[in-house]
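Single-structure report; data block below.
What follows is calculated from the coordinates using simple rules that are stated; it is not laboratory data. Everything numeric here is computed off the predicted structure, so don't read it as measured data. In this analysis, Cβ positions are derived from the backbone assuming ideal geometry, glycine residues included, and neighbour counts consider all displayed protein chains.
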Amino acid sequence: MSANGDAELVFQPARGLIGLMTSRQLSARELLDAHLQQIEKVNPQVNALVTVCADRACELAAAADAALAKGRVLGPLHGLPAAHKDLADTAGIRTTYGSPLHADHVPTRNHLVVQRMLDAGCVTLGKTNTPEFGTGSQTYNPVFGATANAYDPAKTCGGSSGGAAVALATGMAAVCDGSDMAGSLRNPASWNNVVGLRPSDGRVPQWPNDRPVFTLSVYGPMGRTVGDVALQMLVMARPSNRSILNLPPQDFHAVYDGDMTGTPVAWSDTLDGLPIDPALAEALAPARGLLTQLGCAVTDAEPDLTGVDEAFDIMRAAYYWQEHAQEYRDRPDQLGDSVRWEIEHGSRLTVEDLGRAETLRARAYDRMHDFLDTYRFLVAPVTQLPPFPIEQHWPETVAGVPQTYYREWMRVCSRISLTGNPAVSVPFGFTADGLPAGLQIIGRHGDDLGVLQLAQAVESATGTWRTRPARPVVGRDHRPPPAVAP
């Protein structure tokens, strides 16, 4: 295949690539080679992939081709080059969690999501960059450095699944996984013009998992199109006896079958009063009209989210204390400022605090349930501002409103994390400066398919996902990783 053909190939939707492979117009090895060439060309400028396992990927691609030669398709992800977030354990592949404390850590088992993707036939390329322990929506860490935005390398890519979003946007992977506690699948998807789904609590089982009933953090898929995300949900979103929380399966093949005529939709500019940067608001302004054109019955309405910020803060801090207290005691100098801030907050919590957080969450869940009884979907911004400079750890102000801590500006996502609803970021538009802006579609608990069906309708109407980034600026130093896994 020509160099130009390779360049086109790596930006094709994953579903189309599988069709080319299963019809034997393309081999898994040819597809892998095209992606490895793209990684060599682009990754030094954006630093999205932090560990690349070319030899292992070649073995997996060869196995996919051998299976197809015998008339057998490995699974829904047959032969697709995939990258896994550096928070997800990968057997035999370095997994650092973005922390110098684990810089040489090589797990002996796979996270369940990773294993399911492998069992479905994906070809693991390596690991994607993440902030330290996934802390914050700016992807940088002391092990690998920062990941640049695919559309402007001088800007942040968001996070914490930032490496995944940039790998997809720049054609270095066909599908990626990620995790989301405060917006970590949705925020970087929005800022890099790809699709990121935070599934309903209990939709995607997690293992290993020391806190099996802690539901603020979920795993989920990321892709260039809604259809590619639905394809991954066929693999990820199945019940498991490893998990205490399991929702019944949904038929994600039906992602293209949604009819939105008459569907009641709540449109929220601010998600209950949050500051929104005018440049972002301008980019999203046509969304309400588009929803009406799609046949939705749109009403301006805000859910009552009283107490959700306090409850989220308490539960997240308690998690950090439980997860990282020993590391804090032993090596506090090896932990970043944001991680220490969360741990120290957690250390001061009382039983009364934890009880209050549970009560606030239960009440918020009930109010959101009632709100979405009236409206099937809630549509809002994904972020509160456009991407900020990559040198900044977090923005000091949003629309003139001071931000007092490192993740305050992500409450438009963390509020939905607290209520446990499925939420997707789908590409919608661009700011006047050419930076991507996604639309957040929130649904009833368990209606992950419905959320993706509305996202698919938006995607088809706009075609925004087809706008690719220009070639990254050569010469920026983002501390590119070694080309071969240790």
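Worth a mention:
- Rg then Dmax, both in Å and based on the Cα atoms of the stretch 305-408: 16.9, 51.
- In Hz, Karplus ³J(HN,Hα) per residue of the stretch 257-266 (6.51, -1.76, 1.60; θ = phi - 60°; x = Gly, Pro): 9, x, 10, 8, 4, x, 5, x, 10, 8
- For the stretch 442-459, 3J(HN,Hα) per residue [Karplus equation, 6.51 cos²θ - 1.76 cosθ + 1.60, θ = phi - 60°, Hz, x = Gly/Pro]: 10, x, 5, 4, x, 9, 4, 4, x, 4, 5, 5, 5, 4, 5, 5, 5, 4
- Its relative contact order, with pairs defined as Cα atoms under 8 Å and 6+ residues apart, puts the stretch 115-217 at 21 percent.
- Mean ellipticity per residue at 222 nm, deg cm²/dmol - from DSSP H runs of n ≥ 4 across the chain, formula -39500 (n - 2.57): -11500 deg cm²/dmol
- Available extension along the chain between Ala285 and Thr299 is 3.6 nm, counting 0.36 nm per residue and deducting the alpha carbon span.
- Taking 13 Å as the straight-line reach from the Cα of Lys127, the aspartates and glutamates in range (excluding those fewer than 8 positions away in the same chain) are Asp86, Asp89, Asp177.
- Theoretical FRET efficiency, 1/(1+(r/R0)^6), r = Cβ-Cβ of His393 and Ala62, R0 51 Å, to 0.05: 0.75
- Beta bridges per DSSP with both ends in the chain, % antiparallel, nearest 5: 70
- Relative contact order of the chain, pairs being alpha-carbon contacts under 8 Å that are 6 or more residues apart, as %: 19
- Computed from backbone phi with θ = phi - 60° and the Karplus coefficients 6.51, -1.76 and 1.60, the 3J(HN,Hα) list for the stretch 404-415 is 9, 8, 5, 10, 4, 6, 10, 5, 5, 9, 5, 4 Hz; x is used for glycine and proline.
- Taking amide H positions as modeled 1.01 Å from N, with prolines and chain starts lacking one, the residues under 5 Å from Ala297 and 5 or more places away or on another chain are Gly262, Thr263, Val265.
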